[in-house]
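Peer 1: Got a structure for you, questions after.
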Amino acid sequence: MGVGGRTPRREPLVFVWVAQPPGEPPVWVAHCQMSHPSGLPMEHQELYKHPLWYDIAFDVRPVKQECAFMRDRFERLAKRKLASAVELASGPGYHALEFSRMRIRSLAVDLEAAMVEYLREKAERQETLVEVLQGDMRDFTLPYPVDLAYTLFGSFNYLLTNQDILNHFRAVYQNLAPAGIYIVELPHPRRFLRGESVTQDTWTERRGDIEVTTRWDVDRATPDALTQVCEIRSEFEVRTRGKRRVLRTRGRQRVLFAQEIRSLAETQGLFTVREWYGSMDSKIHFDYSKKSWRMVAVLQKL
Ligand SMILES: C[S@@+](CC[C@H](N)C(=O)[O-])C[C@H]1O[C@@H](n2cnc3c(N)ncnc32)[C@H](O)[C@@H]1O
């Protein structure tokens, strides 16, 4: 079902046995057909309904440094101290939790109820204060305007059409304080511009007795020529105390280039693009150098 469909459908998550060679531990495969309770469909929802597994698999970034980078960009461009920030499509909220530890009022928005619940509980356990709201990044309202908004790790690529992106920019604009900053971190498009890979698509992470091996984009998906949307299939192999499960997920994401971000951000007269970086690091330019592995746009509210 595509974005924009509106058929509410709830089906239980089903784990199915899959035959394995003799001596191998049992394999469970999750099949999940559940739409979001609002009726809006979600991409990669099988994964996002397992927040703990996502949290373990993607806990691979220098979160403190990245938050310091975002604070510094805000303070340099808005010329005031950062007081509040919202993470959009927050997932397990690595950065939202860190901002709260930095004594910045921290909010988070995610569409998936399981993620929202997970982040609320995580914040409570860590005795940090994050206001977590369930909402769609294309249309949301925060309880108060914030200084900084940020969407990380390619979550922006879930905005599949130009209209989704325009709606999203309008929603972000309406929730930002004057001169507010919006930071978008996307994959570097060099794979599509130069045929070069930048990220490692298979890795293993462990927390306690849970080990998660991620195989992202197993087909090396090619974007549709017209829409630039890819169908990305990924697998998560989860091992816990001798038990092995495989979660398979598929979802659509749109490939984006710098000038599209610029024109969609600026066309409504709401934002100007102030800076580009090749990583969440102000020393790394956005170019084809080895260190430039992301595409980070820093937008300012007009
Ligand atoms: C890549 S993950 C989380 C990214 C997280 N910010 C991080 O840095 O790890 C993407 C998240 O986006 C959420 N999501 C997908 N579409 C969304 C939408 N339209 N509005 C809000 N959240 C959305 C998913 O539920 C998921 O938690």
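The values are calculated or read from the model by the stated rules, or taken from the named source; none is laboratory data. Keep in mind that this is a model prediction, so the values were computed, not measured. Cβ coordinates were reconstructed from backbone atoms using ideal geometry, including for glycine residues, and neighbour counts include every protein chain displayed.
Peer 1: For the stretch 59-78, how many residues are basic (Lys, Arg), under 15 Å from VAL298 (Cα atoms) and surrounded by fewer than 22 Cβ atoms within 10 Å (Cβ to Cβ)? Full working, then the answer.
Peer 2: As a first pass, look at the stretch 59-78 and keep what is basic (Lys, Arg): 61, 64, 71, 73, 76.
Remaining after also requiring under 15 Å from VAL298 (Cα atoms): 71, 73, 76.
Now drop any that are not surrounded by fewer than 22 Cβ atoms within 10 Å (Cβ to Cβ), which leaves 71, 76.
Going through the stretch 59-78 one residue at a time, the tally reaches 2.
Peer 1: Being of a type in the set (Asp, Glu) and more than 9 Å from the ligand (Cβ to nearest atom), is that true of even one residue in the stretch 73-94? Full working, then the answer.
Peer 2: Within the stretch 73-94, the subset of a type in the set (Asp, Glu) is 75, 87.
With more than 9 Å from the ligand (Cβ to nearest atom) added as a condition, the list becomes 75.
Looking for residues that are of a type in the set (Asp, Glu) and more than 9 Å from the ligand (Cβ to nearest atom), one finds at least one in the stretch 73-94, hence yes.
Peer 1: Let me ask something else about it. Looking at the structure I just gave you, is GLU237 out of contact with any Gly (no Cβ under 7 Å at 6 or more places or on another chain), under 19 Å from HIS50 (Cβ atoms) and either in a strand (DSSP E or B) or in contact (Cβ under 8 Å) with a residue 12 or more places away in the chain (or both)?
Peer 2: For GLU237, the condition - out of contact with any Gly (no Cβ under 7 Å at 6 or more places or on another chain), under 19 Å from HIS50 (Cβ atoms) and either in a strand (DSSP E or B) or in contact (Cβ under 8 Å) with a residue 12 or more places away in the chain (or both) - is met.
Peer 1: May I ask you to verify whether ILE284 is under 30 Å from LYS79 (Cα atoms) and among the β-branched types (Val, Ile, Thr)?
Peer 2: Here the answer is yes, as ILE284 does meet what is asked.
Peer 1: I'd like the full set of residues that are touching a helix residue (DSSP H, G or I) at 6+ places or on another chain (Cβ under 9 Å) and in a loop (DSSP other than H, G, I, E, B), limited to the stretch 240-269.
Peer 2: Listed by number, the residues that qualify are VAL255, LEU256, PHE257, THR267, GLN268.
Peer 1: Moving on to the next point. Being modelled with pLDDT of 95 or more, within 20 Å of LEU47 (Cα to Cα) and surrounded by fewer than 22 Cβ atoms within 10 Å (Cβ to Cβ) narrows it down to one of VAL132, VAL116, so name that one.
Peer 2: VAL116
Peer 1: Regarding VAL184, is this residue over 20 Å from ALA57 (Cα atoms), among the β-branched types (Val, Ile, Thr) and in contact with a helix residue (DSSP H, G or I) (Cβ under 9 Å, 6 or more places away or on another chain)?
Peer 2: In short, yes.
Peer 1: Let me ask something additional. Could you please let me know if VAL298 is modelled with pLDDT of 95 or more and either part of a loop (DSSP other than H, G, I, E, B) or over 14 Å from ALA57 (Cα atoms) (or both)?
Peer 2: Numbers: modelled with pLDDT of 95 or more: yes; either part of a loop (DSSP other than H, G, I, E, B) or over 14 Å from ALA57 (Cα atoms) (or both): yes.
Yes; evaluated as a whole, the condition is true for this residue.
Peer 1: Since THR272 meets every condition but one in (1) surrounded by 15 or more Cβ atoms within 10 Å (Cβ to Cβ); (2) among the polar types (S, T, N, Q); (3) not in a loop (DSSP other than H, G, I, E, B), which condition does it not meet?
Peer 2: (1)
Peer 1: Show me the strands (runs of 3 or more DSSP E) found entirely inside the stretch 114-220 where at least 1 residues are within 16 Å of the chain's Cα centre (by Cα) and away from the ligand (no atom under 16 Å from the Cβ).
Peer 2: none
Peer 1: Identify the single condition in (1) within 9 Å of the ligand (Cβ to nearest atom); (2) over 17 Å from the mean Cα position of the chain (by Cα); (3) among the basic types (Lys, Arg) that ARG61 does not satisfy, given that it satisfies every other one.
Peer 2: With (1) within 9 Å of the ligand (Cβ to nearest atom); (2) over 17 Å from the mean Cα position of the chain (by Cα); (3) among the basic types (Lys, Arg) applied to ARG61, the lone miss is (2).
Peer 1: Anything in the stretch 219-244 that is of a type outside the set (A, V, I, L, M) and buried (at least 20 other Cβ atoms within 10 Å of the Cβ)? List them, or say none.
Peer 2: Selection gives CYS230, SER234, PHE236.
Peer 1: Quick check on this structure: which one of VAL198, VAL229 is β-branched (Val, Ile, Thr), out of contact with any helix residue (DSSP H, G or I) (no Cβ under 7 Å at 6 or more places or on another chain), under 21 Å from MET295 (Cα atoms) and in contact (Cβ under 8 Å) with a residue 60 or more places away in the chain? I'd like the intermediate steps shown before the answer.
Peer 2: Numbers: VAL198 fails: out of contact with any helix residue (DSSP H, G or I) (no Cβ under 7 Å at 6 or more places or on another chain).
The conditions single out VAL229.
Peer 1: ARG101 is checked against (1) surrounded by fewer than 20 Cβ atoms within 10 Å (Cβ to Cβ); (2) under 26 Å from SER279 (Cβ atoms); (3) modelled with pLDDT of 95 or more; (4) touching a strand residue (DSSP E or B) at 6+ places or on another chain (Cβ under 9 Å) and fails just one. What number does that condition carry?
Peer 2: For ARG101, the exception is condition (4).
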